[in-house]
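In what follows, a structure is listed as structure tokens, so that the remarks can point back to it.
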Amino acid sequence: MLKRNYSLQFFLVLSLSALSFTSVFSSSPIPSDALALLDFKSKADLHNTLPFTSNTTSSFCKWRGVGCSEGRVVRLVLESLSLAGVFSPNSLTRLDQLRVLSLRNNSLSGRIPDLSTLVNAKALFLDHNSFNDSFPESISTLHRLRTVDLSHNNLTGQLPTWLTRLDRLYYLKLEFNRFTGTIPPLNQSTLSIFNVSGNNLSGPIPVTPALSKFGPSSYALNLGLCGEIVHRECFPKIPFLGLPAAAAPESEAPRPQPLGLGQYEQIQGSIAVTQRRHKTSAVIWGFSAGAFVLIGSLLCFVFAMKQRRNQNQAATQPMASDSVATADAAEVMRTEEEREEKLKRVQQGMKVAANSGSLVFCAGEAQLYTLEQLMRASAEMLGRGIMGATYKAVLDNRLIVCVKRLDASKIGSAGKEGFVRHMESVGALRHPNLVPLRAYFQAKEERLLVYDYQPNGSLFSLIHGTKSARAKPLHWTSCLKIAEDVAQGLSYVHQAWRLVHGNLKSSNVLLGSDFEACITDYGLAALADSSSLDDPNSLGYKAPEIRKSSHHIPTSKSDVYAFGVLLLELLTGKLPSQHPHLSPKDIVKWVRATRDVDDHEEENRLAMLLEVALACSMTSPEKRPTMWQVLKMLQEVKEAVVLEDTEIDPLARMS
């Protein structure tokens, strides 16, 4: 789901092991990044437009289009400079700190070189040039890429299927090249700008939530594309009409009968007449077919000339959509610059904290990485909640973890020792339906929690979908499975450790590799200042006694109330803020209406789950069941359903 998010992006990339470039400069007369820029100029700048000279390399960061950070090139924008040579290998590809590269609107030709060394690249604008050959395979290794623009070139071949693995992809423009084949089934929720028009693509457009949100203009001028998006039906292949019909089965074929002499002469005369008629028809049909082919050829020629004229106009006078794309590109580059500045500030603040603390692994955990490795990890924001922001971090060894950075302003007065004691308790919890806390870090105002990464997103996204994919209410069997998983985990927290969650909601339930529901953020509410829990998005899950209290101290019974609201959310697909205040009888009618239930058996099963939800969300906490009792109720519902199914299908008893 990449909706645009320009808030502080904490990528957990610390420069703890960064080299001191002062020593490099002193030992080398020309900085390595300056040499890379000069090597690029020697092959790409045939008209000597770029003011890059070996006499000014000491101030190369002030060269036109060059942006630096700590003496390294992180941004290079050389647009509309009439560069007419080639993008030579082993030139700009040596800029291993480069984040943004834009060579758009020049006349560079030849093959795009191996870009795999640009490991920090986030945006590549190589559009409006004359690059040829196939889609650059090396891009597949650039896992931090968010923006790729290769439009208006002469690239050929098929679009690679590995594009689906660039999980941060936000901006992909490939229009007006010569790509062939099919469109890969891109389904990155982050994809917001996409265009493959003006190519030779064919086949059905994959029906994915990501691709379905783009209109026909993103796929235009690809005559072979079909599907619902371009309003062109994908017809199955049919045999050529001139082929003879299939012979009848031998058993149905009429058996030949012996002919008399009179019959033979009569048949021969009929054949002669038929042959004369066929000759006349053949002449007529041959003339018609020739005219048809001629007209078809003329139409194809006219269309081809029109398409070529459109491409030429696009190269010299950008269309309205191109001006919009240019604005988007400028916005992307500004955003990347802002990210780099924010990242730099975060790094500076974290360096101080990291020097006075260390990563603490929970009891029994293997120390698979160090604080330094964690801080070097490339990362992306997953979301921001009441307690802080959460990030997906990919370590050097490709291990993926989830890191929560607690907001210091939301933490109460527990102190360093209190925080450590609480983390030791929370870190000792291990259950299949809890996201395990593996390690934590504390130094001054910084507090980090390291969890296992859950690959299938949150329950909130599953229930409500995204802006690009509208969700439908889950099947009652899925509701039962998820509810039982959550109840298992919450019951364990309450019974085994006498802790409470305090902030249970659908965004705090994650889906594991097998789509099992796992609770996260359990126990963190105990660390929070009571006023910090007053979040409008969480208000619907709050029990009445919590909302009325000035202290907002969560209890196990308030967790049960939140579970009841969560179960209603599962059954209706509606946010808690959309739940009406109705009597139990009216609640049943409302749930039935939200799901459009017309099957009596399914209605009975939903009613059983609804009874559990209503019992959990009683106004009085004393009347609510415990989580252990809730779990038993759900298990009884499952047993009753299994019993009904075996009575309906006796063969099921034998399976």
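Every read-out reported here was derived from the displayed coordinates using simple, explicitly stated rules and does not represent laboratory data. Being a predicted model, the structure only gives us computed values, none of them experimental. Counting neighbours? That spans all protein chains shown, and the Cβs are built from the backbone with ideal geometry, glycine included.
Ordering L634, S577, A613 by Cα displacement along the dipole of segment 563-646 toward the positive end leaves S577 in first place; charges were set at the Cβ atoms of Lys, Arg (+1) and Asp, Glu (-1). Proximity of backbone amide H atoms, modeled 1.01 Å from N, is registered between S378 and V394 at under 5 Å, excluding neighbours fewer than 5 places apart on the same chain.
Summarising the amide proton neighbourhood of S134: residues at separation of 5 or more, or on other chains, whose placed amide H is nearer than 5 Å comprise T156. The P(r) of segment 26-235 has a tail past 26 Å containing 37 percent of all C-alpha pairs. Rounded to the nearest 20, the size of the Cβ-charge dipole of segment 51-123 about its Cα centre is 120 debye, with Lys and Arg at +1 and Asp and Glu at -1.
Ordered by the number of other Cβ atoms lying within 10 Å of each residue's own Cβ, fewest first, I183, I400 fall into the sequence I400, I183. Put in order of Cβ neighbour count within 10 Å, fewest first, the listed residues C234, C61 become C234, C61.
For segment 26-235, the tally of Lys pairs with Cα-Cα distances below 23 Å comes to 6, considering only residues 8 or more apart or on different chains. Each Lys and Arg adds +1 at its Cβ and each Asp and Glu adds -1 at its Cβ; summed about the Cα centre, segment 26-235 shows a dipole of about 380 debye.
For the pair E372 and L575, label points projected 7 Å from Cα toward Cβ lie 4.6 nm apart.
A cut-off under 13 angstrom between Cβ atoms defines the neighbours of L169, and their net charge, with Lys, Arg +1 and Asp, Glu -1, is +3. Taking 7 Å steps out from each Cα toward its Cβ at E639 and T164 produces label points 4.3 nm apart.
By the count of other C-beta atoms within 10 Å, a proxy for reagent exposure, F361, F125 are ordered fewest to most as F361, F125. Here the relative contact order of segment 156-236, from alpha carbon pairs under 8 Å that lie six or more residues apart, stands at 26 percent. Charges were assigned to the Cβ only: +1 to each Lys and Arg, -1 to each Asp and Glu. The resulting dipole of segment 480-529 about its Cα centre is roughly 140 debye.
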